[in-house]
1. Expressed as a whole percentage, what fraction of the accessible surface of the chain belongs to carbon and sulfur atoms when a 1.4 Å probe is rolled over the protein heavy atoms?
2. For HIS6, HIS149, write out the residues from largest to smallest accessible area, computed with a 1.4 angstrom probe and no ligands counted.
3. Quick one, what does Rg over Rh come out to for segment 1-123 if you take C-alpha atoms and the Kirkwood Rh?
4. Along the Cα-to-Cβ line of SER173, 7 Å from the Cα, sits a label point; which residues in segment 14-28 have backbone N less than 18 Å from it?
5. For segment 55-98, which chymotrypsin sites (Phe, Trp or Tyr not before Pro) are in a loop by DSSP, counting at most 14 other Cβ atoms within 10 Å?
6. Label segment 72-177 by shape, choosing from rounded, prolate and oblate, from the square roots a ≥ b ≥ c of the eigenvalues of the Cα gyration tensor; if a/c is under 1.5 it is rounded, and otherwise prolate applies when a/b is larger than b/c, oblate when it is not.
7. Which of GLY96, PHE136, MET61 sits farthest toward the positive end of the charge dipole of the chain, with +1 on the Cβ of Lys and Arg and -1 on the Cβ of Asp and Glu?
8. If you place +1 on the Cβ of every Lys and Arg, -1 on the Cβ of every Asp and Glu, and leave all else neutral, what size is the dipole of the chain about its Cα centre, to the nearest 20 Debye?
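The values are calculated or read from the model by the stated rules, or taken from the named source; none is laboratory data. All of these numbers come straight from a predicted model, not from anything done at the bench. Cβ coordinates were reconstructed from backbone atoms using ideal geometry, including for glycine residues, and neighbour counts include every protein chain displayed. What goes into the accessible areas is simple: the full protein's heavy atoms, side chains included, and nothing from ligands, DNA or RNA. Shrake-Rupley method; radii C 1.70, N 1.55, O 1.52, S 1.80 Å.
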Amino acid sequence: MDTLVHGVIGAALCSRTGLAGGRRGPVDENGRRLFSDWTLWAALAFGAWPDLASLGIHFSMDLFAGNGVRWHAIPDFIFVLYNLTHSLAGLAVCYGLLVGWKRALWLPALAWPIHVLMDIPTHGEGVFLTPVLWPFSDWSFVGWSWWRHLPVFYGSWMLAAGLWLVVGALRMSWRKT
């Protein structure tokens, strides 16, 4: 799926402002509402992270070199980064190290595995299949390419919008009780 929708869905599922905030939503230890929920922005970033840490580097290098955004001439190290950031095995190691370093990141960092799990069925044949257990296995599921199947593309955005509508509806109904 596209990078932005990964971030939006990750924020909806893995932030205190989103569904993970439950009945209270973004509230501090003293029960005061937070106007700036850092977990929202962190989950958005972690949701987009696998694409930004791989293809984002390639596109940035091309832009700074004056080449525009090109899908060809992608260096080999970008594919290694793609495999690392889109592998459940690589992600498990990185997630463990990250949460060991900053325990507070456990919730927003869950947007990263959600990104990978969403990519498995939405990447079709080609070089960007999701390498589920790389480097231990090259096995990948051949799914539906979101960039070729418009219902998958629009469906992902409808899912993102629907999740945020559910968050709003639940918070409004909980306020009344």
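1. 71 percent
2. Putting HIS6, HIS149 in descending order of accessible area: HIS149, HIS6.
3. 1.05
4. 18-25
5. Passing sites in segment 55-98 are TRP71.
6. Because a/c hits 1.5 or more and a/b fails to exceed b/c, segment 72-177 counts as oblate.
7. GLY96
8. Dipole magnitude for the chain comes out near 1040 debye.
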